[in-house]
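Read through the structure below, which is laid out as structure tokens, and then see the notes.
A short reminder: the numbers here are calculations on the coordinates, not readings from a lab. Quick caveat: nothing in here was measured; it's all calculated off a predicted structure. Virtual Cβ from ideal backbone geometry, glycine too; neighbours counted across all protein chains shown.
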Amino acid sequence: MRQSLILLTLFGVLLSCINTGKTNVLTNTTLNQHGDTTSTKNERQNLIKELKRLQAAFASNEKGKIADLFSFPISNEAFGIYIDDSTFNEQLDKNGSKVTRPMFIRSYPGIAESLQINQLNQLFKKLNLDNLLQKDSLEYEAIIKVEPCYYFYGINVENDLVTLTVGTNSNKDYKSKNISEDEIPENDSSICEHVLWWKFTFDGKKLYFKEISGAG
């Protein structure tokens, strides 16, 4: 009887230790997850703040403020500026295909058109940046029934890469006017489909310009 009592006591102590260990593991996991969630939320709030900074700069249409978004000089392979400006292009050749801040400021009107700054403004108007607290991507299509082409906008966050997308696409529901067999429809992909990607890297606090690329 005495031996049985001792065994029961030892079993109770052992069971208590095991349960205590399980509680600690669960608590630590929950705290780590909570910490990670808080960190992720803080980073996403910082990203939204940075995107709103971009939005304000582009909306101002002040070339100095927009130039401040970039770290000059920048290789034109990353910028992708192609404008009909002999002075700009001559300077670009002299600089080894690098764009300087003075070049950007002087030729800003043509650069703004080339880089579709107006459409970036539309992107920020069409997309609610605060929704990035719950989502990694936002998209909007500005389809007008009577227009052969439509604009589309997007923001995508993948790890430390943030991509702003502006482009045009074919309105498949558009009914072209009577055309001959050898004419290209107004909503043909060769006319309507173009896209520009603005890419930034995000370190958890700040956005840094990476490159601009396009297609179509």
How high is the relative contact order of region 23-215, in percent, with contacts defined as C-alpha pairs under 8 Å that are six or more residues apart? 20
Just from the alpha-carbon atoms, what are the Rg and Dmax of region 23-215 in angstroms? 20.8, 77
Magnitude of the Cβ-charge dipole (Lys and Arg +1, Asp and Glu -1) of region 23-215 about the Cα centre, nearest 20 debye, reported as 1020
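Could you state the orientation-averaged shadow area of the convex hull built on the Cα atoms of region 142-216, in nm² to one decimal? Please list the in-between numbers first.
Numbers: hull surface 23.7 nm².
Its Cα hull, projected and averaged over all orientations, spans 5.9 nm².
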